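*Asks:* After the structure tokens below, expect a handful of questions from me.
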Amino acid sequence: MEFIELHVSDFNNIKNILETNDDTTVTMVGSSKVGITIMNEDASTELFIASYYPKNLVIRRISVHNRRKGIFTKVLDELKKIAKENGFKRITVQSVIAREMAKCCIKNGLKVDSNYMYPFKPLEGIQIGCAYVLEVQ
């Protein structure tokens with residue numbers, strides 16, 4: 001099984017986005033060839049990224065203290081660049097259970113991955129309890 005190796009240096013712009021827009025200092029901890037964790041001291045800002053087979057860049061968790069500032073959109077834009085440069089075919093936001101996050105995914109062009117759903121009913125027309133995916137162009 002092949003996976004695409006992640007490099008800490010590819011995530012410096014995301015680190016800067018989080019620090020600048022969430023008014024915090026973050027560090028990259030737990031970095032490996034298949035996973036990068038970026039978080040602040042109290043874990044109010046955190047981003048877990050993983051490389052999954054086949055060629056899938058996965059946001060396993062994202063949490064920011066300052067919401068509604070476009071931080072997710074900025075992070076996703078940077079992840080699109082990283083994905084394209086490194087040969088990923090898709091970006092997945094895993095386990096979306098918050099309506100607010102589902103709306104961010106939809107706003108940014110991600111679609112529900114019908115292969116990865118929990119038994120949640122749509123909430124006010126928004127599907128939660130699933131993964132959202134974006135094909136990398």
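*Asks:* Kindly provide the set of residues from region 102-129 that are out of contact with any helix residue (DSSP H, G or I) (no Cβ under 6 Å at 6 or more places or on another chain) and closer than 20 Å to residue 75 by Cα, ordered by number.
*Replies:* Result: 102, 103, 105, 106, 107, 109, 110, 111, 112.
*Asks:* Step by step: first the residues of region 78-137, then only those that are in contact (Cβ under 8 Å) with a residue 40 or more places away in the chain, surrounded by fewer than 17 Cβ atoms within 10 Å (Cβ to Cβ) and of a type in the set (S, T, N, Q), then the one that is nearest to residue 47 (Cα to Cα). Which residue is that?
*Replies:* Filtering first and then ranking leaves 86.
*Asks:* Here is a follow-up. Which of the following residues is surrounded by 18 or more Cβ atoms within 10 Å (Cβ to Cβ) and either under 26 Å from residue 100 (Cα atoms) or not aromatic (Phe, Trp, Tyr) (or both): 20, 37, 73, 27?
*Replies:* Step by step, each of 20, 37, 73, 27 is checked, and only 37 is surrounded by 18 or more Cβ atoms within 10 Å (Cβ to Cβ) and either under 26 Å from residue 100 (Cα atoms) or not aromatic (Phe, Trp, Tyr) (or both).
*Asks:* Restricting the first residue to region 20-36 and requiring it to be closer than 13 Å to residue 60 by Cβ, which pairs with a second residue that is surrounded by fewer than 17 Cβ atoms within 10 Å (Cβ to Cβ) and modelled with pLDDT under 95 meet a Cβ separation below 7 Å and a spacing of at least six or different chains?
*Replies:* These pairs meet every condition: 34/3; 36/8; 36/28.
*Asks:* Here's another thing I want to ask about it. Within region 99-116, is there a residue that is of a type in the set (Ser, Thr, Tyr), assigned to a loop (DSSP other than H, G, I, E, B) and more than 29 Å from residue 25 (Cα to Cα)?
*Replies:* no
*Asks:* Answer yes or no as to whether residue 102 is closer than 22 Å to residue 81 by Cβ and of a type in the set (Gly, Ala, Ser).
*Replies:* Criteria not met by residue 102.
*Asks:* Residues of region 72-98 being in contact with a Cys (Cβ under 7 Å, 6 or more places away or on another chain) and either among the acidic types (Asp, Glu) or assigned to a helix (DSSP H, G or I) (or both), which ones?
*Replies:* 72, the sole residue that qualifies.
The values are calculated or read from the model by the stated rules, or taken from the named source; none is laboratory data. These numbers come from a predicted model, not from an experiment. Cβ atoms come from the backbone with ideal geometry, glycine included; neighbour counts cover every protein chain shown.
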